Every structure is written in C-alpha cells, then in structure tokens.
Amino acid sequence: MTPTKGTILAGGHDTVRDYRAARSIIGLVPQELHTDMFETVWGTVGFSRGLFGRPPDPAHLEGVLRDLSLWDKRHDRIMTLSGGMKRRVLIAKALAHEPKILFLDEPTAGVDVELRRDMWALVRRLRAGGVTIILTTHYIEEAEEMADRIGVISKGRLIVVEDKAVLMKKLGRKQLTLHLQEPMTAIPASLAEWRLVLNAGGTEMEYSFDAAENRAGIPLLLRRLAELGIGFTDLNTRQSSLEEIFVSLVQERA
C-alpha cells in the first residue's frame with residue numbers, strides 16, 4: 001500500500017523509496033486463502049523464495065515444510081489439500097525467504113485445534129530466533145498466550161499499546177472468593193471497607209481489588225472474618241484475563 005502521508009520504516013528501510021529491501025525482510029500470512037491451486041506445495045514455496053531474490057535453499061524449505069507437517073504433501077497439488085493444509089502452505093510461503101518481520105493476519109481463524117497448536121509452537125520458535133511477529137487476532141486467549149506486547153484497536157483507533165505484563169498489572173483485577181461455612185443474607189457493616197459481594201445464594205463471598213494494589217487487605221479481611229466468627233471452607237484467587245481487560249477498555253470508549 002502507498003501511504004497517504006508519513007513514512008514507514010521496516011528494518012531501517014523506507015517502504016516507498018527502498019521498497020525492495022523493505023519487502024525482502026517481510027513475510028505475510030494473509031487471512032484469505034489465495035495461491036496457485038495447480039502448483040505443488042514444493043513448487044509454490046520455492047517460487048515464493050525466488051520472488052524475493054533469495055538463492056535456492058532446499059534444506060531451509062524442507063525445514064519449513066517439516067515444521068508445518070507438510071513434508072509428506074510436498075509433491076501434492078494445492079487444490080487437493082484440505083483447508084487446514086492450504087493455510088499451512090500460506091504460512092510456509094511466508095517463511096520461505098526467511099523474513100525478519102512476519103505479519104500474521106488471523107492465521108488460525110477457522111482452523112482445527114492441531115494447526116492452532118502447531119502455529120503457536122512455530123511462533124514461539126521464530127520469536128526465539130529473533131523474528132519480529134505482528135499478530136492480528138480476534139482470539140484474545142491467543143494474544144494472551146503468545147504476545148509480548150498488546151495493542152487494542154477499537155473503531156479503527158489504536159487505544160492502547162503496552163507490554164502484556166504491564167497491561168495485565170495496570171488494568172487487571174484480582175478476585176478472592178471465600179466459600180462460606182454458613183450462607184449469609186447480607187455483608188456486615190464492619191466489613192464495608194472491603195466492598196464485598198455475596199454470590200451463589202450467600203454461600204460465597206467475593207473480594208475484588210486492583211492487581212496493582214497492596215495485598216495487605218487480604219490478611220486484614222481474614223482476621224476480621226475470624227473476629228466476627230465467619231468461617232469458610234475454602235478460598236481461591238484469580239487474575240482477570242486479557243479478554244476481560246479488552247472488553248473493559250472497549251466499553252469505556254463505547
């Protein structure tokens with residue numbers, strides 16, 4: 001795409017003035033399935049490598065195909081492959097010329113669980129090898145599983161970009177749930193400072209707090225419960241998920 005204004009640098013190369021060098025380090029896995037259906041798997045990945053001026057390297061292409069469980073299909077025409085295998089071919093094409101920047105546009109949309117796991121494993125290996133990966137996904141758990149940094153887009157605007165750990169800590173909430181020995185009908189006034197909520201017919205007491213807050217409030221709460229003679233049989237804590245953070249960010253700007 002030709003930008004309407006501004007400049008884009010990819011690995012230090014201007015994508016307009018030095019477009020050949022910029023494109024040579026970029027790989028793209030598009031969302032749509034489009035490739036030459038009459039070509040073989042081996043032929044299409046080899047052609048993709050040559051498009052970027054890279055010399056033949058059968059060993060590299062074999063490694064890519066093996067990583068994607070395509071080696072046994074290397075002589076098959078793409079039109080004979082299943083939808084999941086065709087998507088694997090798109091990934092192989094993107095990796096054929098050994099890009100330093102890899103764009104993945106919803107690579108696991110509508111694919112089977114096995115391919116999704118393979119994809120996650122491949123992304124981890126590429127990241128460990130120094131490849132910068134930009135992943136677009138509607139599967140929030142996928143971003144939470146793989147990403148180092150998270151960007152949230154709402155109505156066409158990038159509303160936050162942050163390291164995942166920082167984002168989870170800054171915007172996340174933690175929740176302590178106490179399973180009470182006896183059900184309660186109301187929270188005693190002496191516990192008002194903790195903003196507690198009763199759930200499950202009064203058998204569970206829930207305490208929510210910001211993940212960045214000091215957790216000193218929990219020991220104080222447990223001590224106060226003991227003083228009031230309120231017993232519990234079990235307790236558990238949970239951290240809000242990235243999906244919950246995403247929903248809260250988008251709703252704030254709705």
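Below is a table of values for the structure above.
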{"read-out": "Breaking point among (1) over 12 Å from the mean Cα position of the chain (by Cα); (2) under 16 Å from Val29 (Cα atoms), for Gly156", "value": "(2)"}
{"read-out": "Residue that is of a type in the set (Ser, Thr, Tyr), buried (at least 16 other Cβ atoms within 10 Å of the Cβ) and modelled with pLDDT under 85, where the choices are Thr177, Thr108", "value": "Thr108"}
{"read-out": "Qualifying residue in region 46-54 (condition: of a type in the set (A, V, I, L, M), touching a Ser or Thr at 6+ places or on another chain (Cβ under 7 Å) and on the phi < 0 side of the Ramachandran plot)", "value": "no"}
{"read-out": "Among the residues listed as Glu114, Glu62, Glu98, the single one being surrounded by fewer than 16 Cβ atoms within 10 Å (Cβ to Cβ) and either at pLDDT 95 or above or closer than 21 Å to Ile26 by Cα (or both)", "value": "Glu62"}
{"read-out": "Residue in region 55-69 that is part of a helix (DSSP H, G or I), among the charged types (D, E, K, R), more than 21 Å from Thr137 (Cβ to Cβ) and out of contact with any helix residue (DSSP H, G or I) (no Cβ under 9 Å at 6 or more places or on another chain) present", "value": "yes"}
{"read-out": "Subset of region 1-35 [assigned to a strand (DSSP E or B) and closer than 30 Å to Gly83 by Cβ]", "value": "Ile26, Gly27, Leu28, Val29"}
{"read-out": "Yes/no for Ala143 being in contact (Cβ under 8 Å) with a residue 12 or more places away in the chain and part of a helix (DSSP H, G or I)", "value": "yes"}
{"read-out": "Evaluation of Ile153 against (1) farther than 16 Å from Thr35 by Cα; (2) surrounded by 15 or more Cβ atoms within 10 Å (Cβ to Cβ) (one fails), failing number", "value": "(2)"}
{"read-out": "Single match in Ser48, Ser82, Ser69 (criterion: crowded, with 18+ Cβ neighbours inside 10 Å and hydroxyl-bearing (Ser, Thr, Tyr))", "value": "Ser48"}
{"read-out": "Every residue from region 90-100 that is outside any loop (DSSP other than H, G, I, E, B) and farther than 18 Å from Arg117 by Cβ", "value": "Lys93, Ala94"}
{"read-out": "Candidate set from region 163-205 (those that are part of a helix (DSSP H, G or I) and over 33 Å from the mean Cα position of the chain (by Cα)); member that is farthest from Leu220 (Cα to Cα)", "value": "Gly201"}
{"read-out": "Count of region 125-146 residues which are surrounded by 14 or more Cβ atoms within 10 Å (Cβ to Cβ) and at pLDDT 85 or above", "value": "8"}
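The values are calculated or read from the model by the stated rules, or taken from the named source; none is laboratory data. Only a predicted model underlies this, so the values are computations on that prediction, with no experimental measurement involved. Note that we place each Cβ from the backbone using ideal geometry, even for glycine, and neighbour counts take in every protein chain shown.
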